[in-house]
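Only one structure is covered here, and it is reproduced in the block below.
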Amino acid sequence: MTTAAPALRTLLRHRNRLLTGLAGLLWLVIVILSLLPGSERPHTGYSGNLEHFIAYLGTAAVTAFAFPAASLFRLALPFCLASGLFELAQIAIPGRSPGVDNWMASSLGALAGIIAVRTVARPLLMRCLGRTP
């Protein structure tokens, strides 16, 4: 075992509250950024599709950690639906332009985040802690 194992165990004892709260916070950030007028939205300088992919990948990864028993479908569907609704809502938001490509980037990012947690991150964490996933 590594010296980080006790700290990880402490975090895991409180993981439900921490991860659920963090997932909720990240969802709120996505909602706010998706519905802000174009002139008020921060820009990273990268393509919008990359921004969508990364934002949804991270949020979905945290959500997948927060709800490990949820199926892939139950985790991915809310992200796909929400990103589609945000794109539709942007029709009425000044300075925003909805796009199927943004919806696809968001949905693929969410799916990638969930799959990465399920197939790599969570099994690796469990192995580090001496447990089976």
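The values are calculated or read from the model by the stated rules, or taken from the named source; none is laboratory data. All of these numbers come straight from a predicted model, not from anything done at the bench. Positions of Cβ are generated from backbone atoms using ideal geometry, with glycine treated the same way; all protein chains shown enter the neighbour counts.
Of the residues screened, ALA89 is one that is small (Gly, Ala, Ser) and surrounded by fewer than 15 Cβ atoms within 10 Å (Cβ to Cβ).
Kindly establish whether PHE53 is of a type outside the set (A, V, I, L, M) and modelled with pLDDT of 90 or more. Explain how you work it out, then say what you get.
Details: of a type outside the set (A, V, I, L, M): yes; modelled with pLDDT of 90 or more: yes.
Yes; evaluated as a whole, the condition is true for this residue.
If you go through segment 68-88 and keep only what is farther than 14 Å from ALA116 by Cα and of a type in the set (A, V, I, L, M, F, W, C), you end up with ALA69, ALA70, PHE73, LEU77, PHE79, CYS80, LEU81, ALA82, LEU85, PHE86, LEU88.
The rows are residues; the columns are (1) buried (at least 19 other Cβ atoms within 10 Å of the Cβ); (2) in contact with a strand residue (DSSP E or B) (Cβ under 6 Å, 6 or more places away or on another chain); (3) farther than 18 Å from ALA89 by Cα; (4) among the small types (Gly, Ala, Ser).
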position	(1), (2), (3), (4)
TRP27	no, no, no, no
LEU33	no, no, no, no
GLY38	no, no, no, yes
LEU50	no, no, yes, no
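At least 2 residues being more than 29 Å from ARG41 (Cα to Cα) and at pLDDT 90 or above is the threshold, and among the helices (runs of 4 or more DSSP H) wholly inside segment 67-133 those reaching it are 72-89. Residues in segment 68-90 that are under 19 Å from GLU51 (Cβ atoms) and out of contact with any His (no Cβ under 9 Å at 6 or more places or on another chain): PHE79, CYS80, ALA82, GLY84, LEU85, PHE86, GLU87, LEU88, ALA89, GLN90.
Conditions (1) crowded, with 16+ Cβ neighbours inside 10 Å; (2) of a type in the set (S, T, N, Q), marked per residue:
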site: PHE73; (1), (2): no, no
site: PRO78; (1), (2): no, no
site: ALA82; (1), (2): yes, no
site: TRP103; (1), (2): yes, no
site: SER107; (1), (2): yes, yes
site: ALA110; (1), (2): yes, no
site: GLY113; (1), (2): yes, no
site: VAL117; (1), (2): yes, no
site: LEU124; (1), (2): no, no
